[in-house]
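Data first, discussion second: the structure below is written as structure tokens.
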Amino acid sequence: MRLLVKRDRNLLVPCEGKAYMETETPDFLNVPRVIQSEDVTRIENRSPDDDLLIANSEDYESIGNHLSSIESQKRTFLEKVLNKPEKPPVIHGIWSGYRSALVQGEDGKLYKVKGVSLNPQNPEITKFEDGVFWIQGGQKKSNAEWEREFSNRFRRVLEDNGMQPPMQYRGMWKYLNPVRKERPVASIYEVEGDTRLDELMFVLDTITEYKAQYTGRHLTSTGEALLDGLEHFYYDVGYVVGRLKRLMDKSGQTWSSTSERTNAHIGNVVLWNGKDTVKVGLVDFDASMNLDELSESQMRDIQAKELENIAWSVDRLQSARQIGGVLSEGKLYHNPELRKEFVSGLREGYESTQKDYSNEVSLEALHKIFSLVRSDGLFETPKSRITTPSIIESGLKSKIDLEDIIKRNYYFDNYNKKDLDDILKRDYYNDNLYSKKKNDFYLSYKL
């Protein structure tokens with residue numbers, strides 16, 4: 001199983017529209033589908049003991065069985081009388097963000113369908129002050145085509161440097177009803193994996209925090225090994241992200257547009273389980289630009305800010321889709337000291353003058369971390385290493401605020417320095433902790 005963390009499950013139901021697929025794609029992708037509205041805000045009722053890690057044969061089997069399932073749609077009596085053909089089946093998927101799902105072919109290949117959380121008969125929109133609008137749960141055809149161009153562009157850069165890309169365009173579903181002359185579509189990518197770095201970090205940090213016991217005594221050998229393993233793993237992933245960002249910059253491509261709409265954050269860093277290594281990739285290119293749209297000075301300014309955005313995002317939950325289980329039981333935690341290791345690796349990877357590039361980190365190291373996290377007993381923490389865990393989010397909302405998600409993930413002008421006070425107060429709740437975090441933000445994550 002190439003995924004590393006569980007996500008909530010969903011169903012993709014056939015609907016009217018037309019599929020435009022490339023060759024050698026599974027037949028089931030030739031029928032457009034959507035996730036019905038009641039499923040979009042549904043959170044799976046997991047056991048609070050579910051740590052969300054995909055780490056053993058039982059986990060692999062459970063997710064594999066779900067993704068390989070299909071459900072036949074029964075014909076009505078009238079349809080049988082009229083000898084109407086059988087309806088296309090409902091297929092099972094898992095969430096990837098708030099508007100996308102992962103599905104699986106019979107050969108085990110994973111496909112991401114982006115823009116399937118809409119009502120195709122009556123698509124709703126979210127409007128912004130600058131006149132831009134988004135299709136709630138969907139995407140515009142123009143944006144999908146733009147992403148296809150720039151994802152293919154960076155895919156070729158990776159392949160030319162001997163690396164496996166995380167995604168490859170395979171087709172598009174067009175829905176029937178346009179919105180303001182824009183056609184809603186779902187783009188389809190074959191993906192190697194989809195575990196986002198922010199969700200993996202929050203799962204690992206939260207479980208570690210739950211099992212820590214602040215007694216003032218020394219760490220157990222398990223606790224010491226786990227923290228050391230996490231420090232090295234976060235640094236190694238940061239280093240690879242820095243190298244990939246350097247390669248993207250060198251190739252003459254941005255991850256963002258000039259309107260402060262950026263995809264440069266750890267929620268768009270994916271990890272997947274390769275044969276012998278964990279592989280790291282960058283995704284989401286619908287805001288990318290090159291020198292056809294920008295001057296060289298504009299590009300340098302955007303690329304520099306992107307690096308700052310990645311470092312800034314390391315303490316935030318950037319992926320839109322929250323998950324049941326451990327992430328909804330109590331509070332989410334992150335360990336600032338561990339996250340700084342990622343930022344250190346990011347900086348050193350970006351500044352490295354090595355000519356060769358790699359998107360791999362140790363799979364053995366991650367297996368060891370998973371094993372330690374799932375081991376029995378508590379991890380005792382000495383005073384010298386106690387850091388007050390940062391409480392990022394409490395509980396789980398019953399509904400997902402789609403407009404807020406869009407603004408948070410696509411409009412970073414909402415999060416510039418003049419708004420920092422309000423943001424930190426909102427995220428950290430408490431004035432004393434807020435003032436400390438304000439200083440930490442500037443001191444620790446400014447590259």
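Legend: calculated FRET efficiency, Tyr210 to Glu86, from the Cβ-Cβ distance at R0 = 35 Å, rounded to 0.05, equals 0.10.
Can you compute the FRET efficiency between Lys355 and Lys74 using 1/(1 + (r/R0)^6), with r the Cβ-Cβ distance and R0 = 45 Å? Round to the nearest 0.05. Don't skip to the end; give the middle numbers.
Details: r = 60 Å, r/R0 = 1.34.
It comes to 0.15.
By how many nm would the segment from Arg156 to Gln36 grow when fully extended, if each residue of separation counts as 0.36 nm and the alpha-carbon distance is taken off?
Numbers: separation 120, 0.36 × 120 = 43.20 nm, distance 3.55 nm.
That works out to 39.6 nm of additional length.
If the only charges are +1 at each Lys and Arg Cβ and -1 at each Asp and Glu Cβ, what is the size of the charge dipole of the range 1-46 around the Cα centre, to the nearest 20 debye? Write down the numbers at each step before the final one.
Working: 8 positive and 8 negative charges, 65 e Å.
I would put it at about 320 debye.
State which entries of Lys18/Lys112; Lys114/Lys174; Lys245/Lys275; Lys127/Lys305; Lys18/Lys140; Lys6/Lys305 exceed 20 angstrom in Cα-Cα distance in the structure shown.
Details: Lys18/Lys112 17 Å; Lys114/Lys174 12 Å; Lys245/Lys275 24 Å; Lys127/Lys305 26 Å; Lys18/Lys140 15 Å; Lys6/Lys305 32 Å.
Violating the 20 Å limit, Cα to Cα: Lys245/Lys275; Lys127/Lys305; Lys6/Lys305.
For the range 361-375 and the range 26-95, what is the separation of their C-alpha centers, rounded to whole Å? Spelled out, the Cα-based centre of one part sits 31 Å from the other.
Sorted from longest to shortest, the spans of the Cα atoms of the range 1-86 along the three principal axes equal 50, 33, 23 Å. Hydrodynamic estimate: the Kirkwood radius of the range 9-191 over Cα pairs, inserted into Stokes-Einstein at 25 °C and 0.890 mPa s, corresponds to D of 136 µm²/s.
Taking other C-beta atoms within 10 Å as the exposure proxy, Ile266, Ile91, Ile369 rank Ile369, Ile91, Ile266 from fewest upward. Can you work out the FRET efficiency for the pair Glu16 and Glu149, with r the C-beta to C-beta distance and R0 = 30 Å, to the nearest 0.05? That gives a FRET efficiency of 0.65.
A short reminder: the numbers here are calculations on the coordinates, not readings from a lab. Remember, it's a predicted structure, so these values are computed and weren't measured experimentally. Virtual Cβ from ideal backbone geometry, glycine too; neighbours counted across all protein chains shown.
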